[in-house]
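Step one of this worksheet: look at the structure below.
The values are calculated or read from the model by the stated rules, or taken from the named source; none is laboratory data. Predicted model only: the values in this text are computed from it and were never measured. Cβ atoms come from the backbone with ideal geometry, glycine included; neighbour counts cover every protein chain shown.
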Amino acid sequence: MISSTGIPDVQQNMIHAPGGLFITVEGADGTGKTTHAGLLADRLRKEGRDTILTREPGGGGAVASALRELLLHGDDMADRTELLLFFAARSEHVAHVIRPAINSGSIVVCDRYTDSTLAYQGYGLNIPLEMIYRLHEIATGDLWPDLTILLDLDPAESADRLHDHNRMEGRGMEFQHRVRNGFLSLAETAADRYVIVPSSGPMEEVHAAVWDAVRARLPLQQTGCAGS
Ligand code: TMP
């Protein structure tokens, strides 16, 4: 078929196989996102769900890994170069990991996805959101998550967890505030797929809130244990 971008896209009408679900975990730097994506994937596996844990940028093979290195630890680049490289990595990831997994009935837990691009390159770097939505359509065939967990924390509270580990963290507190507020605006715009989980409490409490949000949306087809 021809998508609204004018680009043929045979994958655009994909329907998840029974059991397939695409969950993303989002948040500004230092919100505990990676920890909670891992805990969620472990929990889903314990519940008997076939689950893949992956991340962006970098998930999707050698090309995406090389792009992660360039994006996070390479030399400075133009903002739009950065934007295009995030989408190049995402295109690899969707083609080689995410679509095959949800097409075969797995649950994909992905640590960051396009909402991070909207928050960091859109709200953070002031690249027009419209341009980002258009690139998303081209790079992914317009694949959006079924559920997005947003871990929310005031950057003042996460400041001690940020140590300029990568180019984004080195952009400073004002940038982190723009990113956080960007995520909160996105959650309002796409309220049907977003669940906001405050992440200032103890790890177990945050995990329990994440699990409640996910459990409510688990497909019933795969096992008899949904909702347990
Ligand atoms: P992380 O693996 O620690 O989350 O680091 C990835 C960094 O890249 C993080 O600072 C957020 C940033 N990022 C973007 O700026 N845009 C994107 O589209 C994605 C996926 C990540």
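If the Cβ limit is 7 Å and pairs must be 6+ apart or interchain, which residue in the stretch 19-39 that is within 13 Å of ASP111 (Cβ to Cβ) and basic (Lys, Arg) pairs with which residue that is surrounded by 23 or more Cβ atoms within 10 Å (Cβ to Cβ) and at pLDDT 95 or above?
Within 7 Å, the pairs are LYS33/VAL25; LYS33/GLU26; LYS33/GLY27; LYS33/ASP111; LYS33/LEU151.
Would you check which residues across the stretch 200-219 are closer than 13 Å to LEU150 by Cα, in contact with a strand residue (DSSP E or B) (Cβ under 7 Å, 6 or more places away or on another chain) and either hydroxyl-bearing (Ser, Thr, Tyr) or not in a helix (DSSP H, G or I) (or both) and list them?
none
Filter the stretch 130-168 down to residues that are in a helix (DSSP H, G or I) and in contact with a Phe, Trp or Tyr (Cβ under 6 Å, 6 or more places away or on another chain) and give me whichever is farthest from ALA64 (Cα to Cα). Don't jump to the end; show me each part of the working.
Initial filter on the stretch 130-168 (in a helix (DSSP H, G or I)): 130-140, 155-161.
Subsequent filtering for residues that are in contact with a Phe, Trp or Tyr (Cβ under 6 Å, 6 or more places away or on another chain) retains 135, 139.
Working: LEU135: 17, ALA139: 13 Å.
My answer is LEU135.
Only residues in the stretch 50-67 that are over 19 Å from ALA119 (Cα atoms) and modelled with pLDDT of 95 or more count as the first member; pair them with residues that are more than 10 Å from the ligand (Cβ to nearest atom) and polar (S, T, N, Q), Cβ under 7 angstrom, at least 6 apart or cross-chain, and list the lot.
ASP50/SER106; THR51/SER106; ILE52/SER106
What is the one condition in (1) within 26 Å of ALA17 (Cβ to Cβ); (2) touching a residue at least 24 places away in the same chain (Cβ under 8 Å) that GLY122 does not satisfy?
Every listed condition holds for GLY122 apart from (1).
What is the number of the single condition among (1) farther than 23 Å from MET173 by Cβ; (2) surrounded by fewer than 20 Cβ atoms within 10 Å (Cβ to Cβ); (3) within 14 Å of the ligand (Cβ to nearest atom) that GLY105 does not meet?
All conditions pass for GLY105, except number (3).
I want to confirm something. Restricting to the stretch 38-96 and keeping residues that are on the phi > 0 side of the Ramachandran plot and surrounded by 15 or more Cβ atoms within 10 Å (Cβ to Cβ), which single residue is nearest to the ligand (Cβ to nearest atom)?
Step one: list which residues in the stretch 38-96 are on the phi > 0 side of the Ramachandran plot, which gives 48, 58, 60-61.
The next check asks that each one be surrounded by 15 or more Cβ atoms within 10 Å (Cβ to Cβ); those that pass are 58, 60.
Details: GLY58: 7, GLY60: 12 Å.
Across the stretch 38-96, the extreme among qualifying residues is GLY58.
Restricting to the stretch 19-37, name every residue that is crowded, with 23+ Cβ neighbours inside 10 Å and part of a helix (DSSP H, G or I).
LYS33, HIS36, ALA37
Collect the residues in the stretch 169-191 that are outside any helix (DSSP H, G or I) and within 16 Å of the chain's Cα centre (by Cα), keeping them in residue-number order.
As a first pass, look at the stretch 169-191 and keep what is outside any helix (DSSP H, G or I): 172, 190-191.
Hits for the stretch 169-191 are ALA190, ALA191.
Can you name the residue in the stretch 110-129 that is more than 9 Å from the ligand (Cβ to nearest atom), outside any loop (DSSP other than H, G, I, E, B) and not hydrophobic (A, V, I, L, M, F, W, C) and, of all such residues, is surrounded by the fewest Cβ atoms within 10 Å (Cβ to Cβ)?
Filtering the stretch 110-129 for residues more than 9 Å from the ligand (Cβ to nearest atom) gives 110, 122-123, 126-129.
If we keep only those that are outside any loop (DSSP other than H, G, I, E, B) too, we end up with 110, 122-123, 129.
Keeping just the survivors that are not hydrophobic (A, V, I, L, M, F, W, C) gives 122-123.
Numbers: GLY122: 25, TYR123: 21.
Checking each candidate, the answer is TYR123.
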